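Accompanying notes for the structure given below.
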Amino acid sequence: MASRRPPQPASPGKLPKPPTGKPLGVSLNRALSKLGLCSRTQAELLITEGRVRVGGKVVRDPALRVDLNRDSIVVDGEKVIAERKVYVMLNKPRGLVTTRDDPQQRDTVYACLEALDLPFISPVGRLDKASEGLLLMTNDTRFANRLMDPASHLPKTYHVQVATVPDAAMLETLRAGATVDGEILTANSIDLLRSGGRTAWLEVVLDEGRNRHIRRLLAAHDIEVLRLIRIAIGGLRLGDLAKGTARHLTAEELALLGG
């Protein structure tokens, strides 16, 4: 029987490739984000300016693959150490955009975090500028990706004020969904909460979050949205958290999200 050649070690400075042929590790700009230093966009700027060293060498390629468990990454002479995992809930007010850096210089949700001593954290999903309510933010990318994965079917509950009082027939029509710009938009449930005068509040539950999902679904039936508030994500509810304020999740709340 022929002798089997022992596996050869990887060349110094290179990451071995898995059987699929895909490179191991993550891109350098993503690594800086995962370590809690800054956003990927900010990381790209640091890298292209020559302020980042990997293994003692200046790197200017944001796409360079690095191994967070092996490679030493230094920014402006300081070694980057992984920040503690942080999980925050925010009651987002209307008028703020869900981003770190806005090209149009609009106010962002990060203005609500100034009272907390936090590492760099990112929103888990988005609420558009006109929407309000429960927004999660974290530096745990694995946790965030799991919550945003459509396969998780994590329900998100919204209270929506509309400029009409839908009757039973209209509610059934809304529950049937609509096709908008080639996308099929549906909801898990749509129920009338209360009505008064010419307006009503609906409770809408989704298990996916397409861009402006509820607004587009209702607009397809000529229904104007006056307010849109997310009040729950899975078993985690907004509760009495004051508008524009944020706080850390408790261990019990994190468990409700499977964390």
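The values are calculated or read from the model by the stated rules, or taken from the named source; none is laboratory data. Note that the structure is a prediction, hence the values are computed from the model and not measured. Quick reminder, even Gly has a Cβ in these numbers, built from the backbone with ideal geometry, and neighbours come from all protein chains shown. Surface areas here come from the heavy atoms of the whole protein model, side chains and all, with no ligands, DNA or RNA. Shrake-Rupley method; radii C 1.70, N 1.55, O 1.52, S 1.80 Å.
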> Applying the selection to the stretch 206-238, what residues are part of a strand (DSSP E or B) and open to solvent by less than 20 Å² (accessible area, probe 1.4 Å)?
Replying inline: Leu206, Leu228, Arg230, Ala232, Ile233, Leu236
>> Could you go through the stretch 118-141 and let me know if any residue there is small (Gly, Ala, Ser), modelled with pLDDT of 95 or more, out of contact with any strand residue (DSSP E or B) (no Cβ under 6 Å at 6 or more places or on another chain) and not assigned by the TED database to the domain that holds Gly36.
In response: yes
> Of the residues that make up the stretch 173-184, is at least one of a type in the set (Lys, Arg), modelled with pLDDT of 95 or more and out of contact with any Cys (no Cβ under 9 Å at 6 or more places or on another chain)?
Replying inline: yes
> Which residues, counting only those in the stretch 239-253, are among the aliphatic types (A, V, I, L, M) and either free of Cβ contacts under 8 Å to residues at least 60 places away in the same chain or not assigned by the TED database to the domain that holds Arg146 (or both)?
Replying inline: Ala251
> Considering only strands (runs of 3 or more DSSP E) fully contained in the stretch 32-98, which possess at least 1 residues that are in contact (Cβ under 8 Å) with a residue 12 or more places away in the chain and among the aromatic types (Phe, Trp, Tyr)?
Replying inline: 87-92
> Does any residue of the stretch 247-256 turn out to be open to solvent by 30 Å² or more (accessible area, probe 1.4 Å), in a loop (DSSP other than H, G, I, E, B), farther than 13 Å from Asn91 by Cβ and among the small types (Gly, Ala, Ser)?
Replying inline: no
>> Quick test of your reading of the structure: Arg94 fulfils all but one of (1) in contact with a helix residue (DSSP H, G or I) (Cβ under 9 Å, 6 or more places away or on another chain); (2) surrounded by 15 or more Cβ atoms within 10 Å (Cβ to Cβ). Name the failing condition by number.
In response: (1)
> For the stretch 162-194, how many residues meet the condition of being assigned to a strand (DSSP E or B) and over 16 Å from Arg216 (Cβ atoms)?
Replying inline: 5
> Since Glu114 meets every condition but one in (1) touching a strand residue (DSSP E or B) at 6+ places or on another chain (Cβ under 6 Å); (2) open to solvent by 30 Å² or more (accessible area, probe 1.4 Å); (3) farther than 18 Å from Arg30 by Cβ, which condition does it not meet?
Replying inline: (1)
>> Please pick out the residue among Leu24, Leu35, Leu15 that is surrounded by 10 or more Cβ atoms within 10 Å (Cβ to Cβ), hydrophobic (A, V, I, L, M, F, W, C) and at pLDDT 80 or above.
In response: Leu35
>> Checking the conditions here, which among Ala151, Ala200, Ala130 is surrounded by 15 or more Cβ atoms within 10 Å (Cβ to Cβ), among the small types (Gly, Ala, Ser) and either more than 15 Å from the chain's Cα centre (by Cα) or not in a strand (DSSP E or B) (or both)?
In response: Ala200
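Rundown of residues vs (1) of a type in the set (Val, Ile, Thr); (2) over 14 Å from Pro119 (Cβ atoms), yes/no style:
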site	(1), (2)
Ser33	no, no
Gly36	no, no
Glu49	no, yes
Arg53	no, yes
Arg60	no, yes
Val86	yes, no
Lys92	no, yes
> For the stretch 158-175, does any single residue satisfy the condition of being more than 30 Å from Arg30 (Cβ to Cβ) and within 21 Å of the chain's Cα centre (by Cα)?
Replying inline: yes
> Taking the condition at pLDDT below 95, out of contact with any Pro (no Cβ under 7 Å at 6 or more places or on another chain) and open to solvent by less than 50 Å² (accessible area, probe 1.4 Å), does Leu241 pass?
Replying inline: no
